[in-house]
Amino acid sequence: MERVRNRWTLFTAKALILLIVPIVVESALNMSLGFFDGIMVSHIKGTSGDAPLTAVNYVDQISNLIIQLFSAFGVGGAVITSQYIGAKNIDDANKSAKQLIILMFLFSLVIMGLSLIFNHQIINLFFGELDEITLNFAYQYFYVTALSYPLLSIFYACAALLRAQRKSLNTMTSAFFSFILNIGLNALFIYVFELGVIGAALGTLIARIFPPVFLTYLLSKKGNLISVKIFEKPKIDLQMTKKIAKLAIPGGIENTFFQLGKILVLSFISLKCYNLIINGQAVNVHSSANSVAMSINTLGCIVGNGINTSMLTVIGQAVGTGILAQVKHYMKKMLAISYIGNALSIAVFWSLSPLLMKLYGVSKEALEIGRGCLNLCFAFQLFTYPMSFGACSMLKANSDVKYVMVVSIISMLLMRVGLCFILTTDLLPIQIGAYGLWWGMIADWILRGILFGVRLLSGKWQKASGLIKEETE
């Protein structure tokens, strides 16, 4: 028994801590930023508070769609790079790193251009049911934040490549300074200069400049296992591009459908039937309630999200060694860590949620509904998150991206969109608004977790990666 326990030393306990903790802290900084942004914009002078918060939250859902695309390419590049590192093939690891940065930057320029040109059309497509005031806030916020997409693409590429080298402390440092800068600039532009929603967008845009610049500099150092020259003439390596695309495209499709589903269900509770007249103004309390619940729920995902990200490096490098038993060992270990970390994170933020909700400047009616949605969500998320999203990351690290894509799309269409549509619109005698949205999401988590769990138990994921060899004694 002792022989088996000492056999797998690819990641010691200390190495796992040094990898996971900075990623969790980085996740906490990135994910809590939306929480603080929401609080700040909900107190913009001259408004009821609900319109700016709803506008920023809804535009953030569109931005998250773009970020999910960047993340998918980052995951594809990180998995390939981690596998090359595990196999000690450093030349190809460097090639994949260079191609990842080039591809993501070019892609981001196209996305930015489309977002600027079709600003109103995109907002109206998803959120046309919103009132005119909220729509105008959304247009303004989207114009400014779209300018940051190329910055985000470089950040996600560099961050993924540094994590693949176990340099997660560097990405945490960049996230820390960006977080402080964003909060400070938001306070300056919103409260001092009174720029409103545009001020919040400017703060976000400027704060996003530092991380990609800092990480690109770190990645260019010669002492790195993977080093990318900043001023080297970019060259497209078609063979390496195909390898990255083979993992990135299914992940991009999955993430796109997943985020589109999240955006679409928001429109289900934007209906005028959920409006209340508060202080002589029509307010959609269910949209506001969902915005508050979503912001706080995001905090509860911090630890789980960080652990899921670290799985790509840990399991990816294990796959690169070509030893099946080692891959299984770290998959079990990371899943156990995910369950423990997720439970602790939710316990903390669930207990703090009554206090956190008081920080928002929205109506009492919205807070009451939001509190109910949050309690419902946390109760199920406590058990469903690791299998729904942790197992998903493990399969991706094994290059089993096509199965993940199919399951995610089917589950999203059936549960997150289909069931949510039935529960939130007028198909039922009783309209439950935001509660229906969260029930649909919970059903999605449960179905995903079941299907991913079955895949892991079946062992079929082993065929997805060509680097896994038959185990020999």
query: Got a sec? Which of ASN124, ASN57 is in a helix (DSSP H, G or I) and surrounded by fewer than 19 Cβ atoms within 10 Å (Cβ to Cβ)?
result: ASN124
message: at pLDDT 85 or above and closer than 22 Å to LEU53 by Cβ: which single residue out of ILE302, ILE337 fits that description?
response: ILE302
query: Would the stretch 40-47 turn up any residue that is in contact with an Asp or Glu (Cβ under 9 Å, 6 or more places away or on another chain), modelled with pLDDT under 80 and crowded, with 21+ Cβ neighbours inside 10 Å?
result: yes
message: I'd like to check something: does the stretch 12-31 contain any residue that is over 22 Å from THR171 (Cα atoms) and either modelled with pLDDT of 80 or more or assigned to a helix (DSSP H, G or I) (or both)?
response: no
- request: Taking ALA336 as the residue in question, decide whether it is in contact (Cβ under 8 Å) with a residue 12 or more places away in the chain and either within 30 Å of ILE80 (Cβ to Cβ) or more than 19 Å from the chain's Cα centre (by Cα) (or both).
  value: no
- request: Starting from residues that are touching a helix residue (DSSP H, G or I) at 6+ places or on another chain (Cβ under 9 Å) and either loosely packed, with under 13 Cβ neighbours inside 10 Å or without any contact (Cβ under 8 Å) to a residue 24 or more places away in the chain (or both), keep the ones in the stretch 349-363 and report whichever is nearest to THR54 (Cα to Cα).
  value: LYS358
- prompt: Residues in the stretch 350-370 that are in contact with a Ser or Thr (Cβ under 9 Å, 6 or more places away or on another chain) and among the hydrophobic types (A, V, I, L, M, F, W, C): how many?
  reply: 6
message: Would you confirm whether or not the stretch 357-375 contains a residue that is closer than 24 Å to SER291 by Cβ, among the hydrophobic types (A, V, I, L, M, F, W, C) and in a loop (DSSP other than H, G, I, E, B)?
response: yes
- prompt: Which of the following residues is more than 14 Å from ARG448 (Cβ to Cβ), in contact with a Gly (Cβ under 6 Å, 6 or more places away or on another chain) and either of a type in the set (D, E, K, R) or modelled with pLDDT under 90 (or both): LEU423, LEU427?
  reply: LEU423
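The values are calculated or read from the model by the stated rules, or taken from the named source; none is laboratory data. If you're wondering where the values come from, they're calculated on a predicted model, not measured in any experiment. When we count neighbours, we look across all protein chains shown, and the Cβ atoms used for this are built from the backbone with ideal geometry, even at glycine.
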